[in-house]
Protein chains: 2
Amino acid sequence: MDLVFRALADTTRRDIFQRVIGDGLSVSSLADDYEMSFAAVQKHVSVLERAALVTKERHGREQIVHGNLSTLRRAAALLDAFEEIWIGRATKIAEILGEKGSAT
Amino acid sequence: MDLVFRALADTTRRDIFQRVIGDGLSVSSLADDYEMSFAAVQKHVSVLERAALVTKERHGREQIVHGNLSTLRRAAALLDAFEEIWIGRATKIAEILGEKGSAT
DNA sequence: ATAGCGTACAACCATATGGTTGTACATCAA
DNA sequence: TTGATGTACAACCATATGGTTGTACGCTAT
C-alpha cells in the first residue's frame, strides 16, 4: 500500500495513470506530452508498475501501458475504511446524545 | 493532493491517522505506541498536518491531534473519479458490443 | 543491410525523506 | 520554586526520489 500511495503522490504519475485507465498507451506516446525526458517518464511508469497500478504489455517494439483497476480499488477501499471508522464514532456520539438515525 | 497521498504513503502515518479519526489523541500518547523516537512521531504528525489530514488543538500543555475527514474525502473522490473514467470506457465498450446495462 | 524508432538501463546529481540526538521552553504538580 | 511532562525545533545522517545524459539493443521499414 505504501507503494500505491507513493505512486499516486505525484501529479505527473496521476496524469499518466488517468490517461492510461481509459485506453492503453505506449510509453513514448505518453512521454511526448511531458516536458521532461523520455527516461524520466519511463521512471514514472516504472513506479506505477511496481505499485501494480499499471501493467505493460509488449506489442511489437512498443510497450503498451494499461491501468490496473483492482489496485486502484484496494486503495479506494482503504480510504473508505477510514471513513467508516469515523462513521462508527459519529454513531457512538449519537448514542451518547440519545439521538437516533441522523448523523452530522 | 501530492501532499495528501504522500502523507498516506507510510504505514506509521496511516496508523496514526486511523487512530486519530475516531478520537483525538495527544502527540505523546500517539508516540508511546511506536518504537521510534518522539521526534520521529512528531514529524509524521507534521506531515499529516501539512497535508491537512489532521489538525492540532492545543489543550493545556498537550496538543490533541484530530483527523480531518474532508481532506480524506477529497482524496477518496479523486480515486472514485479514476474509477469513473474506467466505467466510461467500459460503457463505450458495452455500446460497441451492443450490450446494455450490465458492466463487467 | 542499415537507418531510425521504442525501450531499457546505468551513472550521476540535487534535493527530499525518515530517522536520530540534543536543546529549549511552556505547563502542570508538589 | 522546583521538577517532571509535553512539545517544538535544529543539526545531522543514510537512503530514496526525481531529474538528467549516455549507451545499448531489439524491432520496423526501406
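The values are calculated or read from the model by the stated rules, or taken from the named source; none is laboratory data. Quick caveat, the model's predicted, so the values are computed rather than measured. Please note: Cβ atoms are built from the backbone with ideal geometry, for glycine as well, and neighbour counts cover all protein chains shown. With ligands, DNA and RNA removed, areas are computed over all heavy atoms of the protein, side chains included. Shrake-Rupley method; radii C 1.70, N 1.55, O 1.52, S 1.80 Å.
In segment B:29-65, which residues are assigned to a strand (DSSP E or B), under 19 Å from B:LEU3 (Cβ atoms) and open to solvent by 60 Å² or more (accessible area, probe 1.4 Å)?
Filtering segment B:29-65 down to residues assigned to a strand (DSSP E or B) leaves B:54-59, B:62-65.
In the following step, the residues that additionally are under 19 Å from B:LEU3 (Cβ atoms) were identified as B:54-56, B:65.
The answer is B:THR55, B:LYS56.
B:SER29 passes all but one of (1) within 11 Å of DNA strand D (Cβ to nearest atom); (2) touching a His at 6+ places or on another chain (Cβ under 9 Å); (3) of a type in the set (Ser, Thr, Tyr); which number fails?
With respect to (1) within 11 Å of DNA strand D (Cβ to nearest atom); (2) touching a His at 6+ places or on another chain (Cβ under 9 Å); (3) of a type in the set (Ser, Thr, Tyr), B:SER29 is out only on (2).
Report yes if some residue within segment B:68-80 is open to solvent by 30 Å² or more (accessible area, probe 1.4 Å), touching a helix residue (DSSP H, G or I) at 6+ places or on another chain (Cβ under 7 Å), more than 12 Å from chain A (Cβ to nearest Cβ) and closer than 23 Å to A:TRP86 by Cα; otherwise report no.
no
So, in segment A:66-104, how many residues would count as being at pLDDT below 80 and either in contact with a strand residue (DSSP E or B) (Cβ under 9 Å, 6 or more places away or on another chain) or part of a helix (DSSP H, G or I) (or both)?
Final tally of qualifying residues: 9.
Which pairs do you get when a residue that is acidic (Asp, Glu), found in segment B:12-29, comes within reach of a residue that is open to solvent by 20 Å² or more (accessible area, probe 1.4 Å) and within 16 Å of DNA strand C (Cβ to nearest atom), reach meaning Cβ atoms under 9 angstrom, with the pair 6+ apart or on two chains?
Pairs found: B:ASP15/B:ASP33; B:ASP15/B:TYR34.
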